[in-house]
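The values are calculated or read from the model by the stated rules, or taken from the named source; none is laboratory data. None of the values given here were measured: they were computed from a predicted structure. Glycine also receives a Cβ, built like all others from the backbone with ideal geometry; neighbour counts cover every protein chain displayed. Ligands, DNA and RNA are excluded from the accessible area calculation, which covers all protein heavy atoms including side chains. Shrake-Rupley method; radii C 1.70, N 1.55, O 1.52, S 1.80 Å.
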Amino acid sequence: MLMARSLWEAEIYVSLRIAENAPAGEQVSPAPPLKVGTNMIEGADAWTYRSPVGELTVPYVSEKTTIQTGAHFGLGRSRLIDAAEWLRVADLYGRRALEDQMAYAGEPKPAGDDPAGRERRYYIELGWELAADAIQQAMAFLPDGADDVPDAELWSQFGAGVKAQDPYALTRARLEEHLEYYRGVLEDFRAYHNPS
């Protein structure tokens, strides 16, 4: 059985596999939400996620460590999602954060306390954080001193095609550019919307 480092990584893995297996041009439905007792079974030391693409385990200790460290997707290098797929995940979170940020910027701001606005800002910030974290996940596949992710670290159908389309997509320099961009936009957003 496959093991995910966190519940979040498990959900992303399932969503990626669903998308990969969908017929070309077909609308892809997201993975069903995790629900204890329905598709997520509690065991002695781990959850078992009964997903549409097979069962995955998520050790309690791994999820707890992920939460405590703020690592979102888990510590260490993923064994489920390859470097190119993490790049794809970063792009999806970044696009969603940008769309939400643009919509938020165009809305009139109410005077006084704005709980709905705070919640929207939180999710926009989270989107930028997740995009940056996904890039860091891709960077975890870079060997020390290497300029790009080795082909052996691209085991998914999507990952295999990325280098063929863009040989520079998974270079250290390009990944660092993405990371700098996502962190910079997040920093600017926080500075503008949360002045001290």
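Roughly how many debye, to the nearest 20, is the charge dipole of the chain about its Cα centre, given +1 on each Lys and Arg Cβ, -1 on each Asp and Glu Cβ, and no other charges? Before the final figure, lay out each step's value.
On the way: 19 positive and 31 negative charges, 73 e Å.
Once rounded to the nearest 20, the dipole reads 360 debye.
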Original post:
Tally Lys/Arg at +1 and Asp/Glu at -1 over every other residue whose Cβ is under 14 Å from the Cβ of Val149; what's the total?
Top reply: -4
**OP:** Leaving out ligands and nucleic acids, note down the accessible area per residue over the range 56-196 with a 1.4 angstrom probe, in whole Å².
**Re:** 57
Subject >> Rounded percent of accessible protein surface that carbon and sulfur make up, the range 116-196, 1.4 Å probe >> reply: 49
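Quick check: at a probe of 1.4 Å, how many percent of the accessible area of the range 1-99 sits on carbon and sulfur atoms? It would help to have the intermediate numbers written out before the result.
Details: 2910 of 5370 Å².
Taking all protein chains in place, the range 1-99 shows 54 percent carbon and sulfur surface.
Per residue, what volume in Å³ does the Cα convex hull of the range 1-147 take up? Before the final figure, lay out the partial values.
On the way: hull volume 25.1 nm³, N = 147.
So the per-residue Cα hull volume is 171 Å³.
Work out which helices of the chain, taken as complete DSSP H runs, extend at least 18 Å along their axis over the Cα atoms and score a mean Kyte-Doolittle of 0.0 or more, then list them. Don't skip to the end; give the middle numbers.
On the way: long enough: 7-21 (21 Å, 0.19); 83-105 (32 Å, -0.29); 115-139 (36 Å, -0.52); 172-193 (31 Å, -1.10).
Membrane-span-like by this criterion, though nothing is claimed about a membrane: 7-21.
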Subject >> In the range 119-196, the chymotrypsin sites (Phe, Trp or Tyr not before Pro) that fall in loop regions by DSSP, at most 11 other Cβ within 10 Å >> reply: Tyr168
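Which value at 222 nm does the chain reach when only helices count, each DSSP H run of 4 or more adding -39,500 (n - 2.57), with the total divided by all residues and rounded to the nearest 500 deg cm²/dmol?
Numbers: 6 runs with 104 residues, N = 196.
Value at 222 nm, helices only: -18000 deg cm²/dmol.
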**OP:** Go ahead and set up a Gaussian network model of the chain, Cα springs under 10 Å, then flag whichever of Tyr60, Tyr13, Tyr49 fluctuates most.
**Re:** Tyr60
